[in-house]
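Below: one structure, written as structure tokens.
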Amino acid sequence: MGSDNTGFAVPTRHPGGPVAVPGLKPFAMMMGIGAPDAARWEAMGRSLLVGDEPMDTLVDWMIATGMDTTRPLFEQALARGIDSVPDAPQPLRDFFTAVETPPAWLDPELVRRGEQALRRGGYDGLYLARDVSFLGGYLASGFNKTLLRTGALEKGPAQRFAETMQWAIDVQNGMEKFGPGYRSTLHVRFVHSLVRRHVAAMPDWDEQAWGLPINQTDMAATLVGALIAPFIGGLAIGIVPSRGDREAAAHLARYVGWLMGVADEWLPTGYRDSVRILYHTMTAITNPDDTTRQLALPMANDPLTWNYPNMPWLRGRIARAQHLSISSMYLGPGAMRKLGLWPYMPPWYPMLRLPVNLARSAATRFSSTARDRAEERGQREQAEFKRRLVGTGPAEVGRSAQHLQATA
């Protein structure tokens, strides 16, 4: 399948002008970021029709040649490099030679600092990712169309978020070549291409209305939403990273996006640019419909079924109120209604966390020991939250799309 379809006008899901974005506009205005200009707006509309040509081309070849033959070669190159594959076929060599050649702007030290900043997020960083970025992302109904066609309701929100969380944990534990983040990110890119091919071929997929599944505009929003939005949201609950840490996180996101197949024009060049990309893309893709409630309601109630070692009935209800208090504070009553949720929950959890996080943020500014302890604590909390979601079950990146790989 082609990655760039210009056979018709910009998809009709692209609005005539910027729409309201819950919670983000005031922060963008504080940073001097205004609405997208006409050229940027047009580019976001066009990018709804653009996929990931290098990976899409490789996947086309893999399927045409036979996945039984090509998939093991792909996995070997992913784990050990293309030079480890004897007589590597040219399409495979072309792709991996490109991704194994780092971009000229890459700063490995800055990437490592960004990984450290992510590891210090702990519970609250994950909660912001889940309750604001993930849940709020259902307001972008264009992306929901793809999710529902890959079985999002059947998988359940806990499994979906656990897989996303595992990818983020891999990213923060090693983006060096052949490291866990490198492999995980390229695996996600491969799965995205399979999904794009599978969903676009469905008879009920309306490309003229919705664009290409997992397109560049949606990928840009997802990238900064997953890796940078928790840094933005963290400020309101006392997580105040240094300017250097924020810039390092943005550089990490830039490299992750580059490996993920996001086009250069949508890769952040710094923290402020990350906020600009997030704000601009969200003004273009926030368009809630019936799929919004369809996906949001199960996620809001999901804490009731998590794996608790004791008192599951009570802890489940406390956890649901806790996570809704986070969502309500950041997204606001209007967005909560559109999600099909109770419009207001007192922000009791964020207020309880504010003094704790402020104290910890101050300590990490001045003490390397405090920074090391924060990283260790963050990793323990992330592992515990994953167990709460899926118990001892797997949370492999791309596991929810295994049926697509099997039938490709």
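Shown here for segment 304-347: chymotrypsin sites (Phe, Trp or Tyr not before Pro) in loop regions (DSSP other than H, G, I, E, B) with at most 16 other Cβ atoms within 10 Å, namely Tyr344. Of the DSSP H helices in the chain, those with a Cα length along their own long axis of 20 Å or more and a mean Kyte-Doolittle hydropathy reaching -0.5 comprise 157-172, 180-200, 243-260, 271-285, 312-338, 348-366.
Just so you know, the Rg over Rh for the chain is 0.95, from Cα atoms, with Rh as the Kirkwood radius.
For segment 52-126, the equivalent ellipsoid built from the Cα gyration tensor has semi-axes of 31, 16, 12 Å, listed from largest to smallest.
Accessible surface calculations at 1.4 Å, restricted to protein heavy atoms, place segment 248-375 at 45 Å² per residue. For n ≥ 4 DSSP H runs only, could you compute -39500 (n - 2.57) per run for the chain, divide by its residues and tell me the 222 nm figure to the nearest 500? It comes out at -20500 deg cm²/dmol, rounded to the nearest 500. Taken over the C-alpha atoms, segment 273-349 has Rg and Dmax values of 14.7, 45 angstrom.
The Rg/Rh ratio of segment 156-305, with both radii computed over alpha carbons and Rh defined as the Kirkwood radius, is 0.97. Extension gain, Arg80 to Lys177, is 34.0 nm, computed as 0.36 nm per intervening residue step minus the present C-alpha separation.
Across the options Met282, Pro230, Gly316, the greatest Cα extent toward the positive end of the charge dipole of segment 210-339 (unit charges at beta carbon of Lys, Arg, Asp, Glu) belongs to Gly316. A dipole drawn for the chain from +1 and -1 charges on Cβ atoms has a positive end, and of Leu148, Pro26, Gly181 the residue lying farthest that way is Pro26.
Applying 1/(1 + (r/R0)^6) with r as the Cβ-Cβ distance of Asn310 and Val356 and R0 = 35 angstrom yields a FRET efficiency of 0.90. Here the relative contact order of the chain, from alpha carbon pairs under 8 Å that lie six or more residues apart, stands at 27 percent.
Once all protein chains are placed together, Asp94 keeps about 90 Å² accessible to a 1.4 angstrom probe.
The values are calculated or read from the model by the stated rules, or taken from the named source; none is laboratory data. Please read these numbers as outputs of a predicted model, since none were measured by experiment. Glycine also receives a Cβ, built like all others from the backbone with ideal geometry; neighbour counts cover every protein chain displayed. These area figures cover heavy atoms from the full protein model, side chains too; ligands, DNA and RNA do not enter into them. Shrake-Rupley method; radii C 1.70, N 1.55, O 1.52, S 1.80 Å.
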